[in-house]
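Here is the structure we will look at.
Only the coordinates and a few stated rules stand behind these numbers; no lab work does. Source: prediction; values computed, not measured. Cβ placement follows ideal geometry from the backbone for every residue including glycine, while neighbour counts extend to all protein chains displayed.
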Amino acid sequence: MRRHSAWSILVLSSLSLVVGSCGATPPSGGTTAPVTLAATAVGPIPGPATDRVPGLRADELSADNPYVDDRTAAAEGRQLFVRFNCSGCHGGRAGGGMGPSLRDVDWIYGKRDAQVYSSIAEGRAHGMPSWQPRLTADQIWKLVAYIKALRTSHEPQPPPTE
């Protein structure tokens, strides 16, 4: 019985100390730090901050796509799109699936060539992986050429029209 009452006294006295100090002035006359709410960016910032594009060598440091309006490069980009299973998320003709449609006119991270390159190279929050370790800069630019050719007369293997 004595062990039980000693235990009860210890618990009750500890509890009274904790409850008694709630809302009291902090020790040594200090003050409580104010709570500041700050927005923290999650994932990469949309598009490159400068004209430099990640993953390019010093001699390639240009945000200009070397394959603009190049039908051969767009066709090679289509092959890369299939081979690297981009269609697994973006759909067979890039019309969307688990990932967003690449045929839309609205783009979350920007539709300029350098911004599309950046999205492929760096990846994006919520599911888009970084492909920079697996693809060369040249391959990424060809993918960009394919994506930019979507919904145009230059599109390689367009979906059938109804």
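Please arrange S130, S153 by counting, for each residue, the other beta carbons lying within 10 Å of its beta carbon, fewest first.
S153, S130
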Extension gain, A125 back to S101 (0.36 nm per residue minus Cα-Cα distance, nm): 7.0 nm
From phi via Karplus (6.51, -1.76, 1.60), per-residue ³J(HN,Hα) for segment 102-116 in Hz, x at Gly/Pro: 9, 8, 5, 8, 9, 10, 5, 9, x, 10, 5, 3, 5, 6, 5
Extent along principal axes [Cα atoms of segment 69-149; Å; largest to smallest]: 30, 25, 24
For M128, distant residues with modelled amide H under 5 Å away: none
Relative packing of 87-94, 138-145, 104-111, which averages over residues the other C-beta atoms within 10 Å, highest first: 138-145, 87-94, 104-111
